[in-house]
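**Q** Supplied in structure tokens, the structure appears directly below.
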Amino acid sequence: MKELSLNVLDIAMNSVKAKAENILIKLVETADTLTLTIGDDGCGMSEETVKNVMNPFYTTRTTRSVGLGVPLLKLAAEQTGGKITVESVSETVNPEKHGTTVTAEFFKNHLDFTPLGDIVSTVTTLIQGAPDIEWKFEHILEGGSVELDTKQLREILGDVPLDNFEVIKWIEEYLKEGYASVS
């Protein structure tokens with residue numbers, strides 16, 4: 001993929017499909033590294049699925065015979081000298097505490113580092129496409145952080161849905177202003 005934000009979109013959509021109620025997207029950026037974490041409380045994966053999730057020719061989908069999301073993220077991380085980990089607990093193993101966390105580390109100074117891209121559009125698209133999920137977004141940079149928590153938005157908005165056009169535009173502007181203040 002040409003931008004890491006597209007990987008974020010793909011992996012987060014897996015969390016949506018896993019029936020997550022809460023999804024965290026966290027970026028921690030230093031001068032040299034970018035660590036991306038996407039965590040959810042969805043149905044989780046079996047141990048066998050976790051072992052095979054890095055294989056592009058393994059998928060649980062019936063509509064196609066390949067699953068490229070995690071393998072492409074793994075490739076993007078490893079080509080910079082970074083790494084990826086996938087931790088998951090299936091709800092069949094633990095009905096109370098289940099879900100999946102994908103963490104990828106990138107070395108930004110490497111020639112093959114894929115730029116982050118338009119993370120603002122990615123986050124707003126995810127919220128608009130799955131407005132009933134609680135989304136928490138954090139991007140910690142050396143100069144500050146950009147954060148958004150839909151639980152806090154719901155407290156302020158009351159009955160106004162998050163996929164309302166005005167709300168989505170506000171979220172987009174809020175994130176853009178946040179990035180302008182830390183750059």
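The values are calculated or read from the model by the stated rules, or taken from the named source; none is laboratory data. Since we're looking at a predicted model, the values are computed, not measured. Using ideal geometry, Cβ is built from the backbone for each residue, glycine included, and neighbour counts are taken over all protein chains shown. These accessible areas exclude ligands, DNA and RNA; they are computed on the full protein's heavy atoms, side chains included. Shrake-Rupley method; radii C 1.70, N 1.55, O 1.52, S 1.80 Å.
**Q** Between [x] 1.17; [y] 1.56; [z] 1.04, which matches Cα Rg over 2.2 N^0.38 Å calculated for the structure shown?
**A** Recomputing Cα Rg over 2.2 N^0.38 Å here picks out [z].
**Q** Share of the chain's accessible area from carbon and sulfur, percent, 1.4 Å?
**A** Reported share for carbon and sulfur atoms: 53 percent.
**Q** While we're on this one: Using R₀ = 22 Å, calculate the FRET efficiency as 1/(1 + (r/R₀)^6) where r is the Cβ-Cβ separation of Ala180 and Ser121; round to 0.05.
**A** The computed FRET efficiency comes out at 0.90.
**Q** Related question: Taking the Cα centre of the chain as origin, sum charge times position over the Cβ atoms of Lys and Arg (+1) and Asp and Glu (-1), and report the length of that vector in debye to the nearest 20.
**A** 620 debye
**Q** Separate question: If each residue of separation counts as 0.36 nm, what is the full-extension length gain between Gln128 and Met13 once their alpha-carbon separation is subtracted?
**A** Here the answer is 40.2 nm.
**Q** Would you mind getting the accessible area per residue of the chain, heavy atoms of the protein chains only, 1.4 Å probe, in Å²?
**A** Dividing the accessible area of the chain by its residue count gives 55 Å².
**Q** Go through Lys17/Lys151; Lys51/Lys176; Lys17/Lys108; Lys2/Lys176; Lys19/Lys136 and tell me which ones have a Cα-Cα distance over 27 Å in this structure.
**A** Lys51/Lys176; Lys17/Lys108
**Q** Using Cα-Cα distances under 8 Å and only pairs 6 or more residues apart, what relative contact order does the stretch 38-183 have, in percent?
**A** Computed value for the stretch 38-183: 19 percent relative contact order.
**Q** On full extension of the chain, what length is gained from Asp112 through Thr92, given 0.36 nm per residue of separation minus the C-alpha to C-alpha distance?
**A** 3.3 nm is the gain from fully extending Asp112 to Thr92.
**Q** Another question, then. Could you check the simple spin-label distance between Thr103 and Thr85, using points 7 Å along Cα→Cβ, in nm with one decimal?
**A** 0.4 nm
**Q** Rounded to the nearest 500, what is the chain's calculated 222 nm mean residue ellipticity when only DSSP H runs of at least 4 contribute -39500 (n - 2.57) each, over all residues?
**A** -11000 deg cm²/dmol
**Q** Of Ile25, Ile168, Ile38, which has the largest mean-square fluctuation in a 10 Å C-alpha GNM of the chain?
**A** Taking springs between Cα atoms under 10 Å, the residue moving most is Ile168.
**Q** Going 7 Å from the Cα of Thr33 in the Cα-to-Cβ direction, what parts of the stretch 113-135 have a backbone nitrogen less than 11 Å from that spot?
**A** none
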